[in-house]
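One structure is given below, encoded as structure tokens.
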Amino acid sequence: MSEVWLNVGGRGVITARLESDKVYGRTRAGQPVLYIALGLQLLPAGDQRQLNYTLIRLSGKVQTQALGEFASFEVEPLALVPNAQPFFRQQDIFILLDRERVEHFEVARAGNDARLQIDLTGLVSSQGEPKFEVVRSQSGQLDAIVPRSRWVDNVLSPWNVLKTKVIEVTFSDDAAGENFRKAYASVEQAEKHLASGEYKQTLTSLRIAFEGLAKDCGFPSAGKDYFDSLFVSVHPDKKEKAREALNAIYKFMHLGPHQQTSASSEPVINRQDARFALILAQAAFGYITTSK
């Protein structure tokens, strides 16, 4: 939990509280929205607590160490008054984003916990002088450290970032379509591994997706024979090249099971490798489901 205090009349009487489990992903007109359930406590101001005031505006800047400021927000007009009895009221914050900024943030996050800093600014009106006062945090920024598992499940998943496909994948209603649908669950698991920074597991899940397809079709494993069976009715030249392309993609997935260590002679899998493999797998599924 992180707290900051905003001064009114020289006293830190407005407290803003941010907890990591109050950060969620939402969508608005198809665009990603970062939703934060902020806690606000307003106490009377002045030396004798005689200064009445109203918080009428609240805005903020969202930053990360890697990106600097990458988003901002302004809450709809407010009319919040202090209460002599301390309590925290919930103030909803909606931060509009876009896919490009989400991607930049995800690259910078690199599969780790999500770390956000929020710089708050408020505007209050009062019966004293000045009648309007801009209030800012006198104790730094609000810090939110959202564990990567929670970020993946509660923020990225509602944004549908993990389900955005490079190419449309259509499953037929027959038994073959059910096999593809079942195998694609491993591709979706690979998407979550990528978001969690588990790059080796990303490739492993993709390999399992292809192997599951092959076994459901009666083949001992994925490979040339299985891929050849997908194109029995097409021109031999096209069949050969399609089989070779799919087999090459499948071979790339075999980088996954190796032990990950920079001191080893085995290749180290990074985010770029895992993302490339995921795009290849999504494209391959889109191609072979259409060909069925």
How would 1, 253 line up by accessible area, probe 1.4 Å, largest first? 1, 253
Fully extended contour minus Cα-Cα distance, from residue 76 to residue 19, at 0.36 nm per residue: 18.4 nm
What is the local net charge at residue 41, summed over the other residues whose Cβ is closer than 12 Å to its Cβ (Lys, Arg +1; Asp, Glu -1)? +1
Ignoring the sites themselves, what is the longest stretch of the chain with no chymotrypsin sites (Phe, Trp or Tyr not before Pro) in a DSSP loop and at most 15 other beta-carbon atoms within 10 Å? 89-292
Okay, which of the stretch 94-113 sit inside 16 Å, backbone N to the point 7 Å along the Cα-Cβ direction of residue 143? 113
Give the dimensionless ratio obtained when the Cα radius of gyration of the stretch 198-244 is divided by 2.2 N^0.38 Å. 1.32
Of all accessible surface on the chain at a 1.4 Å probe, what whole percent is carbon and sulfur? 49 percent
Hey, can you find the accessible area per residue of the chain for me, probe 1.4 Å, expressed in square angstrom? 52 Å²
Report, in debye and to the nearest 20, how large the dipole of the stretch 6-101 comes out about its Cα centre when Lys and Arg carry +1 and Asp and Glu carry -1 on their Cβ. 100 debye
Order 11, 136 by their accessible area, 1.4 angstrom probe, all chains in place, largest first. 136, 11
Determine the relative contact order of the stretch 1-67: mean sequence separation of Cα pairs under 8 Å and six or more apart, normalised by residue count, in whole percent. 26 percent
Hey, rough spin-label estimate for residue 238 and residue 182, points 7 angstrom out along Cα→Cβ, what's it come to in nanometres? 2.9 nm
Span per principal axis, largest first, for the Cα atoms of the chain (Å): 88, 47, 28
Roughly how far apart, in whole Å, are the Cα centres of the stretch 101-155 and the stretch 196-221? 39 Å
Roughly how many debye, to the nearest 20, is the charge dipole of the chain about its Cα centre, given +1 on each Lys and Arg Cβ, -1 on each Asp and Glu Cβ, and no other charges? 40 debye
Any helix of the chain counts here only if DSSP assigns it H throughout, its Cα atoms span 27 Å or more along the axis, and its mean Kyte-Doolittle hydropathy is at least -0.5, and such helices are 271-291
So, R0 is 45 Å and r is the distance between the beta-carbons of residue 52 and residue 251; what FRET efficiency does that work out to, to 0.05? 0.05
So if each residue of separation counts as 0.36 nm, and I subtract the Cα-Cα distance between residue 59 and residue 153, what length gain in nm does that give? 31.1 nm
If contacts are Cα pairs under 8 angstrom and at least 6 residues apart, what is the relative contact order of the chain in percent? 17 percent
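The values are calculated or read from the model by the stated rules, or taken from the named source; none is laboratory data. All of these numbers come straight from a predicted model, not from anything done at the bench. Don't worry about glycine lacking a Cβ; one is built from the backbone with ideal geometry, like all the others, and counts go over all protein chains shown. Quick note on the areas: whole protein, heavy atoms, side chains included, nothing else; ligands and nucleic acids left out. Shrake-Rupley method; radii C 1.70, N 1.55, O 1.52, S 1.80 Å.
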